[in-house]
1. Give a residue-ordered list of calculated ³J(HN,Hα) values for region 289-298 (Karplus: 6.51 cos²θ - 1.76 cosθ + 1.60, θ = phi - 60°; whole Hz; x for Gly, Pro).
2. Express the accessible area of region 213-292 per residue in Å², computed with a 1.4 Å probe while the remaining protein chains stay in the model.
3. Grab the Cα-Cα distance for Glu286 and Asn801, subtract it from 0.36 nm times how many residues apart they are, and report the gain in nm with one decimal.
4. Taking amide H positions as placed 1.01 Å from N in the peptide plane, with prolines and chain starts having none, which residues 5 or more places from Gly529, or on another chain, fall under 5 Å of its amide H?
5. Given +1 on the Cβ of Lys and Arg, -1 on the Cβ of Asp and Glu, and no further charges, what dipole in debye does region 490-557 carry about its Cα centre, rounded to the nearest 20?
6. In sequence order, what are the phi-derived ³J(HN,Hα) couplings for region 161-168 according to the Karplus relation 6.51 cos²θ - 1.76 cosθ + 1.60 with θ = phi - 60°, rounded to whole Hz, with x for glycine and proline?
7. If you find the alpha carbon centre of region 632-690 and of region 273-319, how far apart are they in angstrom?
8. What nm distance separates the two modelled labels at Asn502 and Ile408, each placed 7 Å from Cα along Cα→Cβ?
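The values are calculated or read from the model by the stated rules, or taken from the named source; none is laboratory data. If you're wondering where the values come from, they're calculated on a predicted model, not measured in any experiment. All Cβ positions, glycine included, derive from the backbone under ideal geometry; neighbour counts span all protein chains shown. SASA here: full protein model, heavy atoms, side chains in, ligands and nucleic acids out. Shrake-Rupley method; radii C 1.70, N 1.55, O 1.52, S 1.80 Å.
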Amino acid sequence: MLRPDPLSAPGVPVPHRAPHRIARIGIAILAAWAIAAAPLRAIAPAALAADPPTMTARVLLQGHARLGSWIAIEVHLKNNGPAITGELRLQGGTQGGTRYSIAVELANPSDKTWILHAQPPSFGQQLEVVLANGTNVILRQKVAVTIHDPGQLVVGVVADNSPGIVGSLSLPAVQNQQPAVVVPLSVDDLPTRIEAWSALDRLVWQDVDASTLRTEQLAALRGWLALGGRLVIVGGTGGIGALGGFPDDILPYRPAATVDVAPGSLSTLLGSLPKEATDVPAMAGELIRGRALAASGDLVVAAETSYGSGSVTILGVDPTVGWIGSSNAVRTLWPNLIAPRSSGSVAITNDNQIVAAVNNLPSLALPPTGGLLLLLIGYIALIGPLNYLILRRIDRREWAWVTMPILIAGFAVGAYAFGSALRGSSIIVNEVGIVRGAPDATEGSAQVYLGVFSPARGTYQVAVPGGALLSSPISGDVFGANLDIIQGEPPGASRVRDLAVNFGALRTIRAESAATVPKIHADLRLVNGVLTGTVRNDSTVTLEKPAVLLGGNVKVLRDLAPGAEEAVSLSIVANQFGQALSDRIFGQLFFGDSGATSETMRRDQIRHQILDQLTYDPNLGNRGSLDEEGPVILAWGRTAVLDVQVEGQSANRVANILYYVPTAMGVSGKVTFAGELIRSTMTATDAAMFSNDGSTLSFGQGSVTMAYRPIAFDGSLTVQRIRLAAGFGPDQILGGGGIKVEPIPDICLDPKAKHPAACPKPPRVDEWDGMPEVEIFDQTGAGSWHRLPHFGMGGTYDLVNPARYADPGTGAVLVRFVNDRQEQANIYLNMSIEGTVQ
């Protein structure tokens, strides 16, 4: 019997109250929202009224840079809105892909300035600075940068009236016809780190109070000078008080009074003097160090002194006013004061040699040939005859289908284990560096290349404490992508973020930083053509294979233990065969046989490559000598300079460090300045074409004026002989006797005058040998040019009355080459200046 469904039976009525409860809940939510929104409505107008953050960025040194040099970007940020945490970022480096970053925090309100350092890219005239938080870009601004040729001279001018200096500063073009770049600067344009000065070759200072330099700027200036910079301080309207901020230990003299100087006292610097020349006021003082360039009575009014690898020159007169500024004399003055750019030591523009030294690790070498042959023979024997004989012995030849794959897999595992054993199982940090310092000092500057080798593929966080600036090598990192560099994280350090290293590969990081140099004391004198004295190791580490160099001359000493002293005796001769400096210290080494190379041989190879890097010139190749006017002490160490930390890894450390210490020497007695002890500088040319490749000077119709100057010495020079030899490049020997020559009488050169019979006959048109005429500057009286008899190719000549042509203070001799023909003239003039220094 069917019964009604209980679910369909009538039930007790239940009131529906849910809608009223929902309504009450909604009203409560709306009330809570109204209460919470009330302060937001009050704050909203203020938030909308807050100014957005602003950014102003500029490159110091007015944006001028050189490939391989650091640039300093000053970034000024202001924030009146919500607090901001992020990074300032910039893309740069040789390939343009390296990213440089620095962490920033902007509270409300904030008004802060950061300095971001970067390497300029190879191409382009703009860089973009970005303020970002992760992938969110908050602000961006482009900054201008000008990249100069590696050999181009860059001269900065800090002056109260910089147009006066810039307008008068006439410098000849360099070897590749690139004109010198003259940049007006203010004190605020000067960086606070030495690395960012490397684009600047020379600095002219006039009428600006040196005490306005900040402590960091003055320290950077000192370091820049020590590494090869040249500072030229000239007189002006500011008086002697403007020099008060420069420390005494970098100045040749401290100006103490203003005196009137006769024009004849300046003839060495100015050349021929105009007829209207009168006495000029000059800052004068007593010579402290270096050598006088001009004097008035017992006081010097122009002087020069060395400071490390660089120099400081004071010219007490104002070169921009009076007859000096309005005459052609100023065209001779500036080239004498500002030497052309050499390879220098502040920036490396091509680092192929030192990058190769970093990659010279046993772990990166090819496996030994014997081991490979043994492995290959074992493999062939195992899967071939041995496998067959064993299977036949047990009568299971059909198992070859199984045993051969097993043997092949086993061999692959064995080969992998063999390779891993050769490369090791630990990360290796190979440090190759050049640390530059000064005698009796422990402060220095380091250029270090770090090779991070990984036996397995990995990504690492690499930190370098001590404020080092990190970048990719100039020649490029061929093993991977560019670097992501964070500056100042952790504080006082720089970090490479997510450094990817492939299996069994090495990544190279370039670092520049302040460093500690072993304290070395040197007492050296050049007496009668022999460099003598002692070198003492006052540090706590052993100096390996120390050497003393002067020009192309080398004296290798025994290893110096702490406190040890070694005597030096080095005869100064010309480098007749152009032998590389590295060969003269380590001998000729053969590269490539890496499997059989001992640890000692490999270390010598690395050091050989470091020296080749030092003597490499982008235009002339390997020069065979260092670009220093005085002696240099080289020594080697194995202690790492930088405390490199690889996060989460215990790395093995390998280091080869060159300590480079320029030092002073006394010069006394009879001395012959020749070869690399005498420097030539082009001071003027009006020729249509000019080139100097180091072995031949070539130019078209016109004239070229050269200044030949001995290396720096203290004291005065009494000249006994000036010998000239033309035609065979810088290695021509100036020994033996020369033909006595004296200037041709002026009447012989006057086409309207009747020439005496004693006048030499000029070469006929069809007898021209391609040699220009040679003129010499007589420095007596007001100074005048005189032509010498025509030089023959390969001839050697001794000047009669040589003291007339050499400045007694510097020994400088001015020579002018004249080509009156349409054809190109070619000459290389070797000069030796012999005399007595007192």
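1. Karplus values, whole Hz, x for Gly and Pro: 7, x, 9, 7, 9, 7, 9, 10, x, 8.
2. 39 Å²
3. 182.3 nm
4. Result for Gly529 returns Thr672.
5. 100 debye
6. In residue order, the calculated couplings are 10, 4, x, x, 6, 4, x, 9 Hz.
7. With region 632-690 and region 273-319 each reduced to a Cα centre, they are spaced 28 Å.
8. Distance between label points: 2.6 nm.
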